[in-house]
1. Which of Ala191, Gly221, Val293 sits closest to the plus end of the dipole of the chain, meaning its Cα is farthest towards the positive end, when Lys and Arg get +1 and Asp and Glu get -1 on the C-beta?
2. Can you tell me the Rg and Dmax of the chain, counting just the alpha carbons, in angstroms?
3. As I understand it, the value is the acute angle between the Cα axis of helix 142-155 and the longest principal axis of the Cα atoms of the chain; what does it come to in degrees, rounded to 10?
4. Can you tell me the Rg and Dmax of segment 245-296, counting just the alpha carbons, in angstroms?
5. Once the Cα gyration tensor of segment 126-195 is diagonalised, what are the square roots of 5 times its eigenvalues, in whole Å and ordered largest first, as equivalent ellipsoid semi-axes?
6. Along the charge dipole of segment 1-107, which of Val40, Asn54, Ala14 sits closest to the positive end, that is, farthest toward it, with unit charges on the beta carbon of Lys, Arg, Asp and Glu (+1, +1, -1, -1)?
7. If one computes P(r) from the Cα atoms of segment 68-117, what percent of pairs lie at distances over 15 Å?
8. Using only Cα atoms, tell me the angle between helix 9-31 and the longest principal axis of the chain; keep it within 0 to 90° and round to the nearest 10.
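The numbers here are math on the coordinates, done by the rules we state, and not lab data. The shown structure was predicted, so the numbers you read here are calculated from the model rather than taken from an experiment. Glycine also receives a Cβ, built like all others from the backbone with ideal geometry; neighbour counts cover every protein chain displayed.
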Amino acid sequence: MSEAAIIDGKGFAAGLRARVARQVAALKADHDVTPGLAVVLVGADPASEIYVRNKRVQTVEAGMESFEFNRPADITQDELLGLVRELNQDERVNGILVQLPLPRPLVEQPVTQAIDPDKDVDGLNVVNAGRLVSGLDGLFPCTPSGCMMLIADRLGADLSGKRAIVIGRSNLVGKPIAQMLLRANATVTMAHSRTDDLPAECRRADIVVAAVGKPEMVRGGWIKHGATVIDVGINRVPKDGGGTRVVGDVCFAEAKERADAITPVPGGVGPMTIATLLHNTVIAACRQRGVAVPAV
Ligand code: GUN
C-alpha cells in the first residue's frame, strides 16, 4: 500500500481565511456590518501571548475589527466577569474569546458561562454545547470544527457507515468532535485514559481523532489500513542534539505507512483553529444583525 496523503491544514486554513475575508467584504458592502472579535488575555503566558497575537493579526487581515483586552494575572474573578458582561453589552463586539488556560486562582467555568451564548465564538458555553448535542444551530468549538472540515474534504460531509474513534474527552476538543462526527452519521467511539485495549479499539476505526496531549502515543500498528488520521496534539519534546521540537499525539512516521491520509504536526489541524474562529465570528455577526450567513 502506498504512503498516506498528507492533509494540508495550513493550505486549507489559508483558503478558508480568504473565503472569510470575502464574506466580510460582502457584509460591509451589502449591509454595512463589520464583524468584531474581542479577545481577553489574562496574565503573560508566552504561548497564550503568541496565540492572541496571531488571532489579532488574522482578524485584521480578514477585514474584521479586533478588540484586545490584556489584564494582569492578579485581576479578580469579579473584575474578569465584569469585563465579560461589558463585552456582552457592546454592540461592536460580535464574538468574545477568553484565552485559556486562566492563571490560578481564577476559575474558567464561571467565565465561559458568563459569555453571551450568541457571542461565544469558542463554543464553550453550556448553551452551545447543548445546541450541538441537540442538533440545533449554535456556535461550536473551533478546533473540532476545523477537524470536521478536513475530514469532509477527504471523505465528504456524510460519514454514514464509517467508524470513528475520538481519543480524549476534553470539553474543548474530544466531546464536541464526537458530537460532530455523530451529526455527520459516523459510528463513534469515545476513548480515554481508562479505555481497555485502546490499540484494538483504534484498529476498528476508519477515522481516528487523537486529542490527548501525549506525544506520539498512537502507534502505527494501531491504525487500520486506509484510515483517515486527524492529530490534534501539539506536544513539545526534547530534540536529539538539544532544543525542542513539536510532535503530535500520533507517531506520524509509523502511522503514515498505514493511513490513507493523515494530518502532520505542525501544519495540520493547528492552523485551522483561528480560521474557524474567524468563520464563527462572521456567523455570530450575521445572526446578531439578522443577515443571512453567506456560504463559505
Ligand atoms: N487555549 C488553547 N486553545 C484555546 C481555544 O480554542 N480557546 C480558548 N479560549 N483558549 C484556548
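1. Looking along the dipole axis, the top candidate is Gly221.
2. Rg, Dmax (Cα atoms, Å): 19.3, 58.
3. Result, in degrees: 50.
4. In Å, with Rg to one decimal and Dmax whole: 16.9, 49.
5. Details: eigenvalues 57, 52, 24 Å².
So the equivalent ellipsoid measures 17, 16, 11 Å along its semi-axes.
6. Ala14
7. Within segment 68-117, distances greater than 15 Å cover 40 percent of Cα pairs.
8. Between the helix axis and the principal axis of the chain, the angle is about 30 degrees.
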